[in-house]
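Data first, discussion second: the structure below is written as structure tokens.
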């Protein structure tokens, strides 16, 4: 994989966080990573994993850190106003996202994309916006936030899948299953999604829908590989089942 990235070799607040988080996650999980070479060592990227456990962000953060990049997430704008928490989010370069009108959301996306490119940072965006509602934990219908960032900044959009976290903390589970320790969690990074034919139509709903479908299909294919199973032909849509999609972060 070559030399370490500047994000990993240059002292930062992430080092202090890693001292606390990496050993904790290491006690809970043995993370096996495939496709390590597919996460860029330098420059901007949008990384989109599947999401089925409240513990997912810690697993993904440690995996990204091990791959030599700083794990930055999208976070609700309201959290940036919380004392201490807001300071920590700003100092680590997390990306704020607000519920907004279409016009302001588009402006926010352009600004965020430009910042990612200029600062050569990556961001982790869960395209489902919340824990999957699929009964068998397959990826459900995606939101357009990740593809908007990628298209507006011409940023690589990289799918990721992980499996095994549910053995430590299942969906909606309140506590951790800590015995036996170090349960195996598999992580796989996929090839960047080809969006070249959609760049000229980045603001058209049809183009965003197509890009999101490509992303969700790629994530699902990676998860099929990890699970050794075939996903349902139809992706779960909460609105078809009378479910609310709470906790969404994507515009």
**Complete:** Short to long, in 5 Å steps from zero, the percent of alpha-carbon pairs of the stretch 1-140 per bin is 2, 9, 16, 21, 23, 16, 9, 4, 1, 0
**Asked** Which of the peptides 105-115, 37-47 is most tightly packed, and how do the rest follow, judged by the mean count of other Cβ atoms within 10 Å per residue?
**Response** 37-47, 105-115
**Item:** Theoretical ellipticity at 222 nm over the chain - DSSP helices of four or more residues, -39500 (n - 2.57) apiece, nearest 500
**Value:** -11000 deg cm²/dmol
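As a test, work out the antiparallel percent of DSSP beta bridges whose residues both lie in the chain, rounded to the nearest 5.
Roughly 20 percent of the DSSP beta bridges within the chain come out antiparallel.
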**Request:** Identify which of 154, 225, 240 has the largest mean-square fluctuation in a Gaussian network model of the chain, with springs joining Cα atoms closer than 10 Å.
**Result:** 240
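Go through 77-87, 26-36, 127-137, 12-22 and give me the packing order, highest mean Cβ count within 10 Å leading.
Numbers: 77-87: 12.1, 26-36: 16.6, 127-137: 19.7, 12-22: 14.1.
Packing proxy ranking, top to bottom: 127-137, 26-36, 12-22, 77-87.
No value in this document is a laboratory result; all are computed from the given coordinates. Here the structure is a predicted model, which means the values were calculated and not measured. We place every Cβ from the backbone using ideal geometry, glycine too, and count neighbours over all the protein chains shown.
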